[in-house]
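Chemist: Let me give you the structure first, and then I'll get to my questions.
Taken together, the values in this text are just the output of simple stated rules run on the coordinates, not laboratory data. Quick caveat, the model's predicted, so the values are computed rather than measured. Positions of Cβ are generated from backbone atoms using ideal geometry, with glycine treated the same way; all protein chains shown enter the neighbour counts.
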Amino acid sequence: MKAFNKIGFHTSVGGNPSGIGDWLKALDAAGIPFFIKAADSMTGLFDAQEIIHGGSKVPHVLVYRRSDAPGLRFDVPDYNKEPEEAAVEHWKLHKAHFPPELDKDLVWVETINELRKEVKWADWIGQFAFHTGQLAMADGYRFSAFGYSTGTPEEGAWETDGMLRYLELCQQHPEKLSVALHEYSLKVDDIWFLRGNHLGRFEKLFAACDKHGIKRPYVLITEWGWTHNSVPVPEVAMKHIREAAEYYARFPEVLGAAIWYLGAGFEGIANKAQKLIKPVTEFTLNTVFDVEFDQPKQADGLVEGNVKPPFFVTPIAEQPKPNGRFLRDVTIPDDTKLTTGQTFIKTWAVENNGNIAWGNGYKLVHTAGVPMTAQTERPLPACPVGQSVEISIEMTVPDEPGTHFSDWRFQDPQGNFFGDVIYTRIIAERPTVPTGVADGRYVADVTIPDDTEIAGGTTFTKTWRVRNTGTRAWGSGFKLVFVGGEQMGAPASVPLPSAQPGQEVNISVQQTAPTTPGMHYGDWRMQDDQGSIFGELLYLRIQVPWQAGFTLTKPLSQRDPLWKDMRLGHAGSPKTIGEWGCLLTCFAMVANTFGKNVTPAQLNNAMISRGGFLDLYLTKWNALSDVYTDIVYGGKLDGLSTPDLLNRIDASLAAGQPVTVHVDFTSSTPYTANDQHWVLIVGKDGDDYRINDPWLYPPQEASLRARYGRANRPLKDAIISAIFYRSTAAKPAVVPDAPPVRGETAVATELQTGMNINPDAPHSNPMDSDDLKGLNWVRYVFKLDARVNTAERGDITKAFSQYDRIIRTYGRMGVNSLLILNQETIWGSAPWTKANSTQADWEAYADELAHTATRIARRYRRYGSKVAYQIWNEGDKQHNPASVYVEPEKFAIILQKVADAIRKHSPHSPIIFGGLATGPEESVAYLQRCKQALNGPWPVDAIGIHPYTRWATKAPFNWGEQYGTLADAFAVYQKAFPGMKFWITEIGVADDNEIGPQFYPEIGMYLEDVYTHVQERYTDLVPVVIWFA
């Protein structure tokens, strides 16, 4: 690509800027952008503005900064204040002192300069910049943050939360927010002194952005040069400028650099710098760099959507010519050994490396060797230029043992062959007598990684790489069989490739993506020639994008004459539904999606009586849950702090659940409180959402992007926040004539995670560090009668002094507490120790534990749902040294009394049935006996289970040979108790002896697999998983 010099000049009050106007005019006349920075005056900036006001379309870069003055600290914020407060104060100071002639639409403004470099201050500074950026945009300014001095900030600063928050804001507003840096060599004779730390340090910022998937921001190098008081002689300086300019040309996000310095002071540096104006002008006019732009990198490739620079030339197109290139064997590598007569699918990955797309008439033709298929010609898949596709052919191994090959060529519509020869070469072997044990382990997804987006109705080939980890070779009769999820048009089974023990092979299944939008998965298992299932679960998970034409509910208008003049909310409200009822109307449409058939007027009355309003007329976010018990509030998510908001909206739509979103009613102007408006997303059309806009009358659907999108900005920027609801009873209603919504798809609610801790062990309760920050729960026993210090046993004051701090400290991290109440809480009369305990004995003990539960629940009532209670632990397992077995009929007595006590004194606290340890079948039998003894509804919110040794998709150690899957266990629980929630309150790889670090990687993979599997498929059944280590 072609690029020009981006190094310009820095002016200020006084000094020697002679010739700066000629430089500005010459570059503008040549169509080359200039970069100019001014401090404390409009020297050069005023002329630059006038050039643009005169009609110039060249993308010039203008920057202004106000420096410290007597009694006024413009450069540095007040670090002693909270970032938001400091930002408000500092912005107010700068805004009052901007030159009146400064055009805020054209000029980037800097308000801070050479800040504290330490990592410990980076989060504060990032938060400060975030709030300043919002204030600046609200006032119509373009803001460039930081002005970090050469060699700063320290390593790691860019990856603090505050910095990433500001960089994400830059990503959303690239034309309004940027980053300012200073780059000096600090040596007059060596412009590359400490390269990468001085010049080029901006690349550390870009690396952080790439790592976190954030688009690189525009960077303004607002001070550039050698030292603060000297410039080399022009001959040396121009050599350095040429080298630096060619380097910066590789980075389109770097808009330019300003040579320090044409202003007054600094030992007369202006007279030296002024001598560069003419040679820089001539150099810029006569130099074009031919460079390859540096591309942002992530682990999975390029970051899309990068800024295309203003300095580029479009390459000349070549003459059309088809071509094709072999990339790799997706399945059946060369010399794979297969059994004679065996059917297999050969898949190649190929690339269209010509300059014309493959379309109708393009074929793949057999040209040499053994075809191994009856169909020797087949259409090539459509493939744009530069893209790759996979080609699959079902083949059969010849009956004759030995090596066989099959050659194929690309052919254009005129019959001309082109591109590489693609072939398969196999070794055919006669079947062998089976011996040994069959086993297999997943290695990798060769094609279609998890969550690949595939258009509905598209045929594709899923390929897994697996390893034969058994002692028996795979051969004839070995299959991959479908066992669960969606079959997606695939056969019930496909042959397994032959594989010797220890060998890795690829297994492919051709499938067709369902037409229903949303997540779809299919589970497959390996089967030997005797029909026995073996090995790990192989699964496929794809995302089908929303299709045009789907809609979820008919539109309603807040301005409908039937209710527009009705009072919104309670008596005394100054608002009407027509004036202020957009959110109410959206909620009415949500309710109708779930079969309620309600008007805004009817919902308004229901919300009045059920507490759905705040301050007379403000609609509560969870108002629908106040009115309808079967409509569940799923939360309100802020657009800025939820990077995957669009994915969550798409998942909700796929489940038949519309989403209410907050938009800017006048999106072309800065947002104010009066611009608040709510619309309902009911469908998706490409990169746009279809909305029911309550403001429109007559009621009608509209485009979110067309009505509330921001020009040249991504769709996400149109959404300020989103409110989610789902129904537990009614199937989502679909407007007539729209395709049906798949009922079994569920919104992927966020899995809650946790860790079991031991407050009495020195390394098992890291509450004074941030080790567990980010989890939702910690779980531990409330010990009263089993306190470590025997003198404190039974002293609840001592217990409260310990647990108060634990609950409070974790709570400040956002981590909730699940307290276990069991025999370690109250040993009491201990009826389980008596050979012939009576009903009265158990009633008395239950009263003792309930009395203590009352005191605990009262103590922590203020925490509401942030403190939960588990009643007993592993009471279903006999001869368990870690717990006390209680017969289910006796446990029903304890459960009822303790749960009633907790519910009375802390009604919002979740209550969990003691964690069950015996496995699904025995646990279900225990639960059924307990339920019968209760003779009424469950007094708990969920049942705790401990599915140790159960695995998700990959069995660690040798568990695949001995134990079943989590899916098997969940199916047993769900069938026995439909509608009940189950919390996994313990799971892990536990042993009485310390597990060595050599096993940590495998344990880590098991942990990840469990959490991922439950998150993706079972959060409606299992909303919480708490690890036990």
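Chemist: Measuring from the lowest to the highest alpha carbon on each principal axis, how far does segment 618-670 reach, largest first, in angstroms?
Modeler: Principal-axis extents of the Cα atoms in segment 618-670, largest first: 40, 29, 19 Å.
Chemist: May I pose another question? Past 26 Å, Cα to Cα: identify those pairs from Lys596/Lys931; Lys187/Lys272; Lys363/Lys462; Lys479/Lys954; Lys81/Lys104; Lys596/Lys897, in the order given.
Modeler: Distance filter (> 26 Å) returns Lys596/Lys931; Lys81/Lys104; Lys596/Lys897.
Chemist: Going by the alpha-carbon gyration tensor, a ≥ b ≥ c the square roots of its eigenvalues, is segment 2-302 rounded (a/c under 1.5) or, if a/c is not under 1.5, prolate (a/b greater than b/c) versus oblate?
Modeler: Taking the square roots of the gyration eigenvalues as a ≥ b ≥ c, segment 2-302 is rounded.
Chemist: What's the long-distance tail for segment 436-545, i.e. % of Cα pairs beyond 16 Å?
Modeler: 55 percent
Chemist: Go through segment 656-711 and name the trypsin sites (Lys or Arg not before Pro) that are in a DSSP coil and have 13 or fewer other Cβ atoms within 10 Å of their Cβ.
Modeler: none
Chemist: Jot down the per residue volume, in cubic angstrom and as a whole number, of the convex hull over the alpha-carbon atoms of segment 767-819.
Modeler: Dividing the Cα hull volume of segment 767-819 by its residues yields 73 Å³.
Chemist: Multiplying the sequence separation of Asp399 and Arg441 by 0.36 nm and subtracting their Cα-Cα distance, what value in nm do you get?
Modeler: 12.2 nm
Chemist: For Lys904 and Asp804, FRET efficiency with R0 = 35 Å and r from the beta-carbon atoms, rounded to 0.05?
Modeler: 0.95
Chemist: Could you tell me the extents of segment 318-430's C-alpha atoms along the three principal axes, largest first, rounded to whole Å?
Modeler: Cα spread of segment 318-430 along its principal axes, largest to smallest: 52, 23, 16 Å.
Chemist: For the pair Ser865/Asn758, report the inter-label distance in nm, with labels modelled 7 Å from Cα in the Cβ direction.
Modeler: 3.3 nm
Chemist: Run the numbers for Leu194 and Asn323: contour at 0.36 nm per residue of separation, minus the present Cα-Cα distance, in nm.
Modeler: 41.8 nm
Chemist: Sticking with this structure for a sec: How high is the relative contact order of the chain, in percent, counting Cα pairs under 8 Å that sit 6 or more residues apart?
Modeler: Relative contact order of the chain: 6 percent.
Chemist: Want the number for Phe98 to Ala673: 0.36 nm per residue separation, take away the alpha-carbon distance, what's left?
Modeler: Difference between extended and current length: 204.4 nm.
Chemist: Suppose we keep just the DSSP beta bridges with both residues in the chain; what percent of those would be antiparallel, to 5?
Modeler: Antiparallel bridges: around 60 percent, rounded to the nearest 5.
Chemist: How high is the relative contact order of segment 194-297, in percent, with contacts defined as C-alpha pairs under 8 Å that are six or more residues apart?
Modeler: RCO, segment 194-297: 32 percent.
Chemist: Would you mind putting 380-388, 421-429 in packing order, based on average other-beta-carbon counts within 10 Å, highest first?
Modeler: Packing order, densest peptide first, comes out as 421-429, 380-388.
Chemist: Direction-averaged shadow area of the convex hull around the Cα atoms of the chain, nm²?
Modeler: That works out to 52.2 nm².
Chemist: Could you work out how far apart the two model spin labels at Leu106 and Ala29 are, taking each label as a point 7 Å from the Cα in the direction of the beta carbon, and quote it in nm?
Modeler: 1.9 nm
Chemist: If you don't mind, there's one more thing I want to ask. Report the per residue volume, in Å³, of the convex hull enclosing the C-alpha atoms of segment 426-473.
Modeler: In segment 426-473, the Cα hull volume divided by residue count equals 132 Å³.
Chemist: Turning to a different aspect of this structure: Please compute the Cα-Cα pair-distance distribution of segment 577-727 with 10 Å bins starting at 0, giving whole percents from short to long.
Modeler: That works out to 11, 44, 36, 9, 0, in percent per bin.
Chemist: Here is a further query. Can you order the peptides 329-340, 758-769, 246-257, 639-650 by their average number of other Cβ atoms within 10 Å per residue, highest first?
Modeler: 246-257, 329-340, 639-650, 758-769
Chemist: Further question on the same structure: Rounded to the nearest 0.05, what FRET efficiency do Gln700 and Asp22 give with R0 = 56 Å and r taken as the Cβ-Cβ distance? Could you check?
Modeler: Plugging the Cβ-Cβ distance into 1/(1 + (r/R0)^6) gives 0.45.
Chemist: Place the peptides 584-593, 654-663 in order of packing, highest mean first, counting for every residue the other Cβ atoms within 10 Å and averaging per peptide.
Modeler: The most tightly packed comes first, giving 584-593, 654-663.
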